[in-house]
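Read through the structure below, which is laid out as structure tokens, and then see the notes.
The values are calculated or read from the model by the stated rules, or taken from the named source; none is laboratory data. These numbers come from a predicted model, not from an experiment. Ideal geometry is used to build each Cβ from the backbone, glycine not excepted, and the neighbour counts take in all protein chains shown.
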Amino acid sequence: MVGLGQRDGGNAGGGVGNGAARQIARVLPAVLIVLGLGFDLLTPPSFTGSPFFSAAPLIAAPLFTLLGTALTGVQASLAVVLLHAVNGTTWKVEALTELVTVLTVSGLALLINRVVRRSGERLASARGIAEAAQRAVLPTPAERIAGLHVSAWYEAAQADAFIGGDLYAVQDTPYGVRLAVGDVRGKGLGAVEAVAVVLGAFREAAETEPTLEGVAHRLERALAREGVRRDSLDAVEGFTTCVLGEIPPDAGLLRLVNRGHPEPLLLHGDGRLAVLAPAEPALPLGMGELGGWPDRVEEWGFPAGSTLLLYTDGLTEARDRAGVFYDPADRLRGRVFPGPDALLGALSSDVRRHTGGGATDDMALLAVGRPGEGQPERRRTVPVVRRSEAE
């Protein structure tokens, strides 16, 4: 079973491979200098190893420090001087030309090194800002909220992105633990802005609205209001699929309002699984004007030892090479996990195996577990595997 600390295991192979490639690249400048020496010594005087010596500092520039790049250039220049001293051609025009060429390339390598280093510092700063923005917009929930075990997982499909158009929130309120998982239409900064609007409205409404229907109405109004105020939010075609949930204290109940979102799953402690599909489909948030019916809360039992799983369509639309969509209900049915954290760890790893490591959409996962009385700290776990593998 893959736990929280191992969730990046699906990329581990790529990380190891990149590390090995980087180590090889770091020794390549020295290898080139040695090859240049050998080539020059083993070939007639009309042949020269100057290209090897010129390439060494250029390769060192993006990988080494400024001092390391300078030392590589010095070594390459000394190799040129040494070879021509051995051949007795130190003061010939060809020798001086080769030396000047290597020195010039070494100077360019130092300039490249400075540019790369500054770009790296700016990138690190930008990544730090992105991480801070993610923590501000999508803070990691506490592991335990009002006696419930909580775990969340977010993965943006865009390379080097920390946040996209998916959202989740968990909040302890006077009405119980309230939660939301949603998917904003669109991509890029506009989607991120809509995420901030929805989450801001949810955090306020969850504390003050006595019903989930009221929370849904507040989110609807917030999207409509901000869509008129902000050009970046599409007030006509923009919408957000969302599931709102409420778990009253000590009631063993689960209340849901589903606005056009994938159905949550309820995993029982004995491996049984229930798909919490709404009795009547509803339109997503932001499309309230197209439907005149009110929101209706639906209730399910939430027995001790069970775990509620909410997710965005980045999970169900993940496809393998044959184009087969990922089916979380089929993959999880009959499996037992010690808690929400282990569930999300196994699920995220299984999705990577299913897709071959490539994500085409953002994916947000939220799992909330209700511990059972006398439940042991550790329980036997069954890894998520393909049924064909099990057979």
Notebook entry, point to check: When region 64-115 is examined, which residues are found to be buried (at least 17 other Cβ atoms within 10 Å of the Cβ) and part of a loop (DSSP other than H, G, I, E, B)?
Noted result: Phe64
Checklist line | Among the candidates Gly165, Gly252, Gly227, residue that is surrounded by 17 or more Cβ atoms within 10 Å (Cβ to Cβ) and at pLDDT 75 or above | finding: Gly165
Note to self: Return the pair list, or none, for Cβ contacts closer than 6 Å from residues in region 250-277 that are of a type in the set (Lys, Arg) to residues that are not in a loop (DSSP other than H, G, I, E, B), at least 6 apart or on different chains.
What the structure shows: Arg255/Leu212; Arg255/Glu246; Arg255/Glu299; Arg259/Cys242; Arg259/Leu285
Checklist line | The listed residue being more than 30 Å from Val192 (Cα to Cα) and modelled with pLDDT of 90 or more, out of Val336, Val297, Val385, Val368 | finding: Val336
